[in-house]
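Working notes, structure below.
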Amino acid sequence: QVQLVESGGGLVQAGGSLRLSCAASGRTFTRYTMGWFRQAPGKEREFVAAVPRSGGSTYYADSVKGRFTISRDNAKNTIYLQMNSLKPEDTAVYYCTAGTYDYGTSRSSYDYWGQGTQVTVSS
């Protein structure tokens, strides 16, 4: 069992930056691919970014590529999402997730989910 707790959301103006954090419980953090999804009002939850358990390359949705950076600190059981050049369309609840598939971008690839943190970007 893995428990995930997100933090770092908030209100920011367009063009600004935020850094989200996700702390994971348990001793098996390195066994999991860790990722972020987001869900805007009235929309499906969508993949944002992930960092594989294998230590391979990070991967991103096209909509955030070049603006967001995902990273993991295995010593702290924590992942981060640095979000730069934020746009109003980035407004959503952001969810941290963990799974055992490398390079999964669908919800079914992930087994554990946090409660989410709200990110609001004003124009």
Next item on the list: Please specify each residue of the stretch 71-91 satisfying the condition of being surrounded by fewer than 22 Cβ atoms within 10 Å (Cβ to Cβ) and aliphatic (A, V, I, L, M).
Entry: 75
Notebook entry, point to check: Which residue pairs have Cβ atoms under 8 Å apart, sit 6 or more places apart or on different chains, and have a first residue in the stretch 67-96 that is in contact (Cβ under 8 Å) with a residue 24 or more places away in the chain and a second that is part of a helix (DSSP H, G or I) and not aromatic (Phe, Trp, Tyr)?
Noted result: 74/30; 83/90
Margin query: I'd like the full set of residues that are farther than 19 Å from residue 118 by Cβ and aromatic (Phe, Trp, Tyr), limited to the stretch 64-104.
Written below: 101, 103
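If we scan the stretch 112-123, do we find a residue that is open to solvent by 60 Å² or more (accessible area, probe 1.4 Å), over 11 Å from the mean Cα position of the chain (by Cα) and not polar (S, T, N, Q)? So that I can check it myself, show each step before the final result.
Filtering the stretch 112-123 for residues open to solvent by 60 Å² or more (accessible area, probe 1.4 Å) gives 113, 115, 118, 123.
Of the ones still in play, those that are also over 11 Å from the mean Cα position of the chain (by Cα) are 115, 118, 123.
Still in the running and not polar (S, T, N, Q): none.
Scanning the stretch 112-123 turns up no residue that is open to solvent by 60 Å² or more (accessible area, probe 1.4 Å), over 11 Å from the mean Cα position of the chain (by Cα) and not polar (S, T, N, Q).
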Next item on the list: Restricting attention to strands (runs of 3 or more DSSP E) lying wholly within the stretch 10-68, give those where 3 or more residues are open to solvent by less than 40 Å² (accessible area, probe 1.4 Å) and within 15 Å of residue 110 (Cβ to Cβ).
Entry: 33-39, 46-51
Check: Could we say that residue 3 is under 15 Å from the mean Cα position of the chain (by Cα) and open to solvent by 50 Å² or more (accessible area, probe 1.4 Å) here?
Finding: yes
Note to self: Looking at residue 57 and the list (1) polar (S, T, N, Q); (2) within 17 Å of residue 33 (Cβ to Cβ); (3) in contact (Cβ under 8 Å) with a residue 40 or more places away in the chain, which single condition is not satisfied?
What the structure shows: (3)
Next item on the list: Scan the stretch 69-112 for residues that are within 23 Å of residue 123 (Cα to Cα) and either in a loop (DSSP other than H, G, I, E, B) or among the β-branched types (Val, Ile, Thr) (or both) and jot them down.
Entry: 69, 84, 85, 86, 87, 91, 93
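The values are calculated or read from the model by the stated rules, or taken from the named source; none is laboratory data. Note that the structure is predicted; figures quoted are calculated from it, not measured. For neighbour counting, all protein chains shown are included, and Cβ atoms are generated from backbone atoms with ideal geometry for every residue, glycine included. Accessible surface is based on the protein model in full, side chains and every heavy atom, while ligands, DNA and RNA are left aside. Shrake-Rupley method; radii C 1.70, N 1.55, O 1.52, S 1.80 Å.
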